[in-house]
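All remarks here apply to the structure that follows.
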Amino acid sequence: MENKTKIPGTLLQFHTDQELLHLLSQGNHQAFEEIYHRYWSPLYGYAYNRFRSRLICQELIQEVFLTLWSKRENAGSIASLSAYLFTGAKYRLLNEMKADRIRKNFAASFTAFRSEKISRVTEEMVAASDLQEAMDTRISKLPPKCQQIFRLSRHQHQSVADISNALGISPKTVENQLTKALRILRLGLGEFFLYWMIALFTG
């Protein structure tokens, strides 16, 4: 059962740490308040000098005191109140610093990943644009009939039979013109032609 005995605050100021711990182990609120006022500033200064965040340091020190109060029944076994409190602050501070590094590393990695992805997409878009421009230029230079048949086949996706019927020519003629178009494009575009063929039949 907690000790409800009132001790004048002025008298507690002259108590040693061990005496305060003894009173705390009996549930004495005044003893806890004296410990709090005695150690709050030194603990906060210790934390803030190592981790420049006022809010986080305040929260860490609050946790230290909350732990002391929640385990007050065992306060009498604490050999050094100062060492106990500063050790608690130290471990909480180290955990927070580790978590902060992880957050910053993740943020940096994610930013780099996004930048790389955006850069890659941009490069692919530029490459695709260059490829399409090169293809359009070469196709426009094909002989008129060859160009017409090629566009019907590759752009409008008409079959050889459909082109044959539409233009009134034999299927063999259509096939020959397509073969001619592909040969001219392959010679004129080099490796661009390979990329275009892959995009054409896998897109």
Being among the acidic types (D, E) and either at positive phi or open to solvent by less than 70 Å² (accessible area, probe 1.4 Å) (or both) is the filter here; which residues of the stretch 19-37 pass it?
E34
Residue in the stretch 63-70 that is open to solvent by 70 Å² or more (accessible area, probe 1.4 Å), within 16 Å of Y39 (Cβ to Cβ) and under 31 Å from the mean Cα position of the chain (by Cα) present:
yes
Scan of the stretch 167-183 for residues that are open to solvent by 50 Å² or more (accessible area, probe 1.4 Å) and within 26 Å of T137 (Cβ to Cβ), ordered by number
T173, E175, N176, T179, K180, R183
So which residues in the stretch 27-80 are of a type in the set (S, T, Y) and more than 28 Å from K98 (Cβ to Cβ)?
S77
Mind listing just one residue for me: the one in the stretch 64-96 that is outside any helix (DSSP H, G or I) and in contact (Cβ under 8 Å) with a residue 12 or more places away in the chain and, of those, nearest to R52 (Cα to Cα)?
S80
Within the stretch 38-47, restricting attention to residues that are of a type outside the set (A, V, I, L, M, F, W, C) and open to solvent by 40 Å² or more (accessible area, probe 1.4 Å), which residue is farthest from the chain's Cα centre (by Cα)?
R38
Look through the stretch 30-54, keep the residues that are outside any helix (DSSP H, G or I) and among the polar types (S, T, N, Q), and return whichever of them is modelled with the lowest pLDDT.
S53
Which pairs do you get when a residue that is within 17 Å of F51 (Cα to Cα), found in the stretch 98-110, comes within reach of a residue that is among the aromatic types (F, W, Y) and modelled with pLDDT of 70 or more, reach meaning Cβ atoms under 8 angstrom, with the pair 6+ apart or on two chains?
D100/F51
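The values are calculated or read from the model by the stated rules, or taken from the named source; none is laboratory data. If you're wondering where the values come from, they're calculated on a predicted model, not measured in any experiment. Cβ atoms come from the backbone with ideal geometry, glycine included; neighbour counts cover every protein chain shown. Ligands, DNA and RNA are excluded from the accessible area calculation, which covers all protein heavy atoms including side chains. Shrake-Rupley method; radii C 1.70, N 1.55, O 1.52, S 1.80 Å.
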